[in-house]
Each structure stands twice: as structure tokens, then as C-alpha cells.
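K.L.:
Sharing a structure with you now.
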Amino acid sequence: MTPLDPSRLSGLLSLCALDPVVGVSLAHQVLRWPSWARGDVVADDVWQPNVAAWATGSLMPLGLAARPELGHPGAGPDAARVLADHASRRLTSHGSVYGYAEDVAAVWEHLAGGGMQAREERWEQPLLVAPRNPGGTLAAKVLDRRPGLAWAAAGVHRAASAEEALVLPASVAMFTGELGYDPTEAGSSYARHVNWLVASGRSYVLLDDGAGAVPGPNGPRAVAFKTDVGALWSAPGGAVAQLTGVWTRPDLRGRGIGSVALAAVVDAVRRDHVGADGVISLYVNSFNAAALGLYAGLGFNRVGTFATVLL
């Protein structure tokens, strides 16, 4: 594996562009940072790679598996072994190996064979894309069925810096429920990440009064729903966003608020980030039946499968 630096990313980005919905996470990660340590980003070739990866803290492999429908030959077991050898010294406790399921499986075989232990293996995470609604909005379509929740659609907005004190606890609750530990116990990095999402206009929230109603001007406020644009990339064929951290407060689940709020977020992300023709995606655990039902009800379509190995 050859270490890459930020001046030599054209080949990696071309690999991401073969399937931008799969490649957006890696493209976003390498473009977000102006610099990184040697070996954090690697590929089997600088200019025409078949495989590339973010390989520090967590491992984000791309291209190991053949994708004949895309004309991609894959990289073979030797490349998977070399990548595993490189990454094994760089992965951290509470890190992960995640991405296109066949890529993850190819490298995890060697990591596990070398003695790496997983807290949990999630091999079936449907990768979904939001529907387009020419001439209308997704929220309007949903409100035809739930007109009493118009306040929820109208209330979705980019989180403001003054609201960060509300957003952080909701984000921690989402993270803890999803991954099983409080990310703030390991230091301030998670709080800094939430701060970055808010400051960059990528965190969307719906606030209520703490009881499922519109908050009064001077009354209590709480986060009823949140999600983030966790990855964003202006790919050659059009902009792609990946939503992460989708969360509805537990006392409000099953009431349609999450469905209406997510529809409004899809509309807002099209307006603010990707445009009418852009792609909005997310992935979800196959065991989360409620979330799968919510996404199906909004018209999300499955386009692939991700996997995550939690370390």
C-alpha cells in the first residue's frame, strides 16, 4: 500500500466516483482534512488505484471487491492482506471497519485471522437512497397523510450555534443507543465533531416543548428529532450526501414525527447542499425494523449493502 497525501488524490477520487453513493464516505473523509499523518490514507496505486482506504482509528476500505457491473476488477486477496497488515497497527479501541459489505468482509478476514477482536459484527446494513419528487417536496407528500404534523415539517432547521447545548445531549443519546457507549467518556473529540457539524450547517433538528408540541417563545425546548449530513461530496456526476445519526426522541416514536421531520430534512438537504438532482443516502441496521419501515414509508430505495465491524 502506498501512502497518499492531499496533493495526490485524483486516483482515489476516481475510484470513489465509480459508485458515489458507496464512495462518498471515503471521498468526504480525505477532502475534509487539509493534512494527515503518513499512512492514514493509502492505495495500491497512486494514480489508478483498484483499492484505497482511510486507515487510522477506523478503517474505511474501498475497491477490494470486484464490481463487474461497474467495470471494476477488484484487488484480490493479496491486497486485502496487505491492507489488513497496514491497518492492524493503526486501529483503535472503539474504532470500526466499515463500508461496502464485500470490501469489509475481504479485509476483516485477515484482521480477524491476525487476532483482532470485534465487539460486534453487523453484516447487513441496507444502503438506501431518498426519492426525488419533481415538482413537489417529500414533506408535502407525507403531510397529505399526516396534516396534523405540519408544525414538525415547518420546524425542521439547521441547528444554530446557540442550540448546540441541546444538540450535544441528543447526539450523545443517539450514539450511545446505536453503539453502546457514551462517546464523551473518551474525551472531547465527539463534542468537537458535533460542534463542527453545527458550525458547518450540517446538523438538522426539530425542537419541541419536551412533550411533542410546538415550543412556546419563552418555554422549555428539547430536541425532538435530529440527523446530520455526515458525508458530503460534489462527485463528478452530481452531489451526494449521506445522512447519519438519525434519531427521534424515544417518547415521540411511533407518532409520525420522525417520518415528517426526516422528509423535511431530505427537502432541506436538497435545498442547502446537493440540489434537486443530487443523491441523499443513508444506511441502517437490518435488525432495526422500525427504521426500515420509516424509510420504506418515505420511498427510500435500496441500492446496496454496507457492513460495520465494531472494535
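K.L.:
Stretched out fully, how many nm does the piece from Asp272 to Ala213 gain, at 0.36 nm a residue minus the Cα gap?
P.N.:
On the way: separation 59, 0.36 × 59 = 21.24 nm, distance 2.62 nm.
Fully extending the segment from Asp272 to Ala213 adds 18.6 nm.
K.L.:
Contact order normalised by length for the chain, with contacts defined as Cα pairs under 8 Å and 6 or more residues apart; what percent is it?
P.N.:
22 percent
K.L.:
Still on this structure, I have one more. Quick one: order Val172, Val229 from most to least accessible surface, probe 1.4 Å.
P.N.:
So the residues, ranked largest to smallest area, are Val172, Val229.
K.L.:
Pull out the extension gain between Ala173 and Trp151, defined as 0.36 nm times the separation in residues minus the alpha carbon to alpha carbon distance; nm, one decimal.
P.N.:
Length difference between fully extended and current span is 5.5 nm.
K.L.:
On to the next question. Place a point 7 Å from the Cα of Ala37 along the Cα-to-Cβ direction; which residues of region 58-102 have their backbone N under 17 Å from it?
P.N.:
Counting backbone N atoms under 17 Å from the label point, the list is 58-60, 85-96.
K.L.:
Okay, moving on. Scan around His72 for amide H atoms under 5 Å from its own, H built in the peptide plane at 1.01 Å from N, and keep only partners 5 or more places away or cross-chain.
P.N.:
Arg67
K.L.:
Go through Val142, Gly99, Ser88 and say which Cα lies farthest out towards the positive end of the charge dipole of the chain; charges sit on Cβ, +1 for Lys and Arg, -1 for Asp and Glu.
P.N.:
Of the options given, the answer is Val142.
K.L.:
Check which residues have an amide H placed less than 5 Å from Leu207's amide H, if you skip close sequence neighbours.
P.N.:
Under 5 Å from the amide H of Leu207 lie the amide H atoms of Ala224, each far enough along the sequence or on another chain.
K.L.:
Right, something else. Spelling out what I want: for every residue of region 265-272, take phi, set θ = phi - 60°, compute 6.51 cos²θ - 1.76 cosθ + 1.60 (Karplus), and round to whole Hz; glycine and proline get x.
P.N.:
5, 4, 4, 5, 5, 4, 5, 8
K.L.:
Can you give the relative contact order of region 150-269 as a percent, counting alpha carbon pairs under 8 Å and 6+ residues apart?
P.N.:
27 percent
K.L.:
Using R₀ = 22 Å, calculate the FRET efficiency as 1/(1 + (r/R₀)^6) where r is the Cβ-Cβ separation of Arg255 and Arg119; round to 0.05.
P.N.:
Result of the calculation: an efficiency of 0.10.
K.L.:
Also, I was wondering about something else. Using a 1.4 Å probe and counting only protein heavy atoms, arrange Phe287, Phe225 so the residue with the most accessible area comes first.
P.N.:
The most accessible residue leads, giving Phe287, Phe225.
K.L.:
Got a sec to turn the phi values of region 23-39 into Karplus ³J(HN,Hα) couplings, 6.51 cos²θ - 1.76 cosθ + 1.60 with θ = phi - 60°, whole Hz, x for Gly and Pro?
P.N.:
Couplings: x, 4, 5, 5, 4, 4, 4, 6, 7, 5, 9, x, 7, 7, 6, 4, x Hz.
K.L.:
Might you report the magnitude of the Cβ-based charge dipole of the chain about its Cα centre, with Lys and Arg at +1 and Asp and Glu at -1, to the nearest 20 debye?
P.N.:
660 debye
K.L.:
At 222 nm, what value in deg cm²/dmol follows for the chain if DSSP H runs of at least 4 each add -39500 (n - 2.57) and the sum is divided by all its residues, to the nearest 500?
P.N.:
Helices in the chain give a 222 nm mean residue ellipticity of -10500 deg cm²/dmol.
The values are calculated or read from the model by the stated rules, or taken from the named source; none is laboratory data. The structure displayed is predicted, hence computed values, not measured ones. Backbone-built Cβ (ideal geometry, glycine too); neighbour counts: all protein chains shown. All accessible areas refer to the heavy atoms of the entire protein, side chains included, with ligands and DNA or RNA removed. Shrake-Rupley method; radii C 1.70, N 1.55, O 1.52, S 1.80 Å.
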